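The values are calculated or read from the model by the stated rules, or taken from the named source; none is laboratory data. For clarity, every value in this text was computed on a predicted model and none was experimentally measured. As a convention, Cβ positions derive from the backbone with ideal geometry for all residues, glycine included, and neighbour counts pool all protein chains shown. Protein only, heavy atoms only, side chains kept; ligands, DNA and RNA dropped before computing areas. Shrake-Rupley method; radii C 1.70, N 1.55, O 1.52, S 1.80 Å.
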Amino acid sequence: MKSIDEKYMTMALRLAARAAGRTSPNPLVGAVVVKNGRVVAKGWHKKAGEPHAEAIALAKAGKAAQGATLYVTLEPCSHTNKRTPPCTPLVIQSGVKRVVIAMIDPNPKVSGGGIKAIRKAGIEVVTGVLESEARILNEAFIKHVAKKVPFVTLKVAQTLDGRIATATGESKWITGEREREEGHRLRDRNDAILVGINTVLKDDPALTARIPGGRDPIRVIVDSRLRIPLAAKVLTQRSPARTIVATLTSAPKTKVNKIQAAGADILFAKSEKGRVSLRDLMGQLGRRGIMSVLIEGGAEINASALKAGIVDKIIAIIAPTLMTGRDSLCSIGGVSPARLSQAVHIGGVSTRVIDRDLIVEGYVLKKAGGKAGRGREVVR
């Protein structure tokens with residue numbers, strides 16, 4: 001049975017989640033003001049540059065905040081940035097007598113500073129309430145702050161025997177309609193979606209979030225030799241989201257100019273055996289403020305991402321279908337490891353069912369060097 005603090009922190013976490021995919025490079029934050037067992041105000045950070053959750057909730061509460069408890073999913077900020085003032089002074093001035101915080105801010109500019117100032121003002125502070133849930137909610141922000149690279153989710157939709165297409169290339173549709181809607185919601189919640197050039201050449205996807213009120217992610221195409229057709233939907237279909245084509249400096253300059261003229265950005269990445277280095281690409285995307293990337297490509301880009309050690313989370317949507325046959329296409333390409341100990345291991349696994357499809361989610365366990373394999377779990 002949940003405690004009173006957990007009850008209201010759950011409410012704050014749900015509020016924070018409403019802005020998923022909208023706050024980058026800021027975290028998701030929710031706040032609830034409670035007095036005498038009654039919620040007097042709620043708020044959540046809706047978009048980078050807009051007021052923070054605490055500021056919204058306390059402004060709504062007004063004088064009712066005096067003597068109340070403030071529940072907030074992340075430590076109130078104590079530093080000033082270019083767009084918004086710090087929240088700690090607002091908390092102190094509001095008159096609340098108690099502040100309950102899910103997790104300490106991992107940002108070194110903030111970490112512990114807000115809590116210290118609030119306690120110094122004589123306000124009781126409780127930390128760690130539903131901390132695990134708060135860390136999962138902001139796993140992308142935590143990684144981006146710590147490592148300056150995006151949190152990467154690899155999504156695969158496959159049959160029970162791990163296949164994504166027949167020998168002739170047919171793949172529509174392996175999974176059900178409701179699961180495909182779930183896939184569009186994943187796009188909506190991530191800053192960017194990444195595919196390899198083979199997916200563009202074969203399927204010509206638009207890579208948009210086709211759900212009501214959906215937000216299109218930034219589209220990242222990995223294309224070492226710039227084979228992308230100028231008529232590709234990612235270059236021609238109108239979307240508020242820009243397209244980034246990641247290539248090498250050896251790519252044809254004439255094609256570079258044409259792609260830029262079509263409105264896309266060209267990103268030159270380091271070469272790794274003649275291909276775009278995915279690790280370098282993640283570094284460049286992170287410096288652009290992109291906190292989360294969804295890989296929704298084919299077998300080879302999936303294998304390359306796992307081999308490069310950039311994948312943090314796996315989401316596998318498994319249809320109750322057997323493709324059969326060694327000539328059908330496996331969801332993960334590349335060359336298999338010689339030993340089982342070299343396989344990619346997944347932890348923190350959870351499962352759920354949508355209609356007839358099974359969804360399995362888990363986190364890639366990392367070796368000390370950062371590559372996928374046995375060892376400690378990725379920072380979350």
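Sort out for me the Cα centre separation of the stretch 275-323 from the stretch 204-254, rounded to whole Å.
One Cα centre to the other: 16 Å.
For a 22 Å ceiling on Cα separation, which of these pairs sit above it: 143/366; 109/143; 47/313; 47/143; 172/313; 147/273?
Correct reply: 47/313; 172/313; 147/273.
Tell me, what HN-Hα J-couplings in whole Hz come from the Karplus equation 6.51 cos²θ - 1.76 cosθ + 1.60 at θ = phi - 60° for each residue of the stretch 93-110, using x for Gly and Pro?
6, 5, x, 5, 9, 8, 10, 10, 10, 6, 8, 6, 5, x, 5, x, 6, 10
Can you tell which of 251, 55, 230 lies farthest toward the positive end of the dipole of the chain, using +1 and -1 charges on the Cβ of basic and acidic side chains (Lys, Arg; Asp, Glu)?
Projecting each Cα onto the dipole axis, the largest value belongs to 55.
Using a 1.4 angstrom probe on the protein heavy atoms only, line up 300, 75 by accessible area, largest first.
These residues rank, largest area first, as 300, 75.
Where only protein heavy atoms count, and the probe is 1.4 Å, what is the accessible area per residue for the chain in Å²?
Per-residue accessible area for the chain comes out at 48 Å².
The stretch 332-353 to the stretch 1-56: how many Å between their Cα centroids?
Going from one Cα centre to the other spans 36 Å.
Express as a percent, rounded to the nearest 5, the fraction of DSSP beta bridges in the chain (both residues included) that run antiparallel.
Around 45 percent of the beta bridges assigned by DSSP in the chain are antiparallel ones.
Just in the stretch 127-189: which GluC sites (Glu not before Pro) are loop by DSSP and have at most 16 other Cβ atoms within 10 Å?
Answer by residue number: 170.
Just to make sure I understand: if all protein chains stay in place, what is the order of 321, 153 by accessible area at 1.4 Å, largest first?
Ranked from most to least accessible, the order is 321, 153.
Each residue of the stretch 244-249 in turn: what ³J(HN,Hα) in whole Hz from Karplus with 6.51, -1.76, 1.60 and θ = phi - 60°, glycine and Pro shown as x?
10, 9, 8, 9, 10, 5
Assigning unit charges at the beta carbon (Lys, Arg +1; Asp, Glu -1) and nothing else, what dipole magnitude in debye, to the nearest 20, does the chain show about its Cα centre?
1000 debye
Please report the carbon-and-sulfur percent of the accessible area for the stretch 166-293; probe 1.4 Å, protein heavy atoms only, DNA, RNA and ligands left out.
Carbon and sulfur: 48 percent of the exposed surface of the stretch 166-293.
Given a 1.4 angstrom probe, I'd like the percentage of the accessible area of the stretch 21-80 that is carbon and sulfur, rounded to a whole number.
Using a 1.4 Å probe with all protein chains present, the stretch 21-80 comes out at 49 percent carbon and sulfur.
In nm, to one decimal, how far is the residue 340 label point from the residue 161 one, both placed 7 Å along Cα→Cβ?
2.2 nm
Answer rounded, prolate or oblate for the chain, using the Cα gyration tensor with square roots of eigenvalues a ≥ b ≥ c: rounded when a/c is under 1.5, else prolate when a/b is larger than b/c, else oblate.
Prolate, since a/c reaches 1.5 and a/b exceeds b/c.
With springs connecting C-alpha atoms under 10 Å apart, model the chain as a Gaussian network and identify which of 113, 213, 128 has the largest mean-square fluctuation.
Looking only at 113, 213, 128, the largest GNM fluctuation is found for 213.
Karplus couplings for the stretch 315-321 from phi (6.51 cos²θ - 1.76 cosθ + 1.60, θ = phi - 60°), rounded to Hz, Gly and Pro as x?
10, 10, 9, 10, 7, x, 9
Collect residues whose amide H, placed 1.01 Å from N in the peptide plane, falls under 5 Å from the amide H of residue 276; neighbours closer than 5 in sequence don't count.
224
Can you order the peptides 12-19, 342-349 by their average number of other Cβ atoms within 10 Å per residue, highest first?
My ranking of the peptides, most packed first, is 12-19, 342-349.
Hey, if you put +1 on the Cβ of every Lys and Arg and -1 on every Asp and Glu Cβ in the chain, which of 190, 108, 39 ends up farthest toward the positive end of that dipole?
Final value for the positive-end residue is 108.
Amide H neighbours of residue 295 under 5 Å, at least 5 residues apart or on other chains, H built in the peptide plane: list them.
153, 154, 155, 194
Once you have a ≥ b ≥ c as the square roots of the Cα gyration tensor eigenvalues for the stretch 236-292, tell me rounded if a/c is under 1.5, and otherwise prolate or oblate according to whether a/b is larger than b/c.
Because a/c hits 1.5 or more and a/b fails to exceed b/c, the stretch 236-292 counts as oblate.
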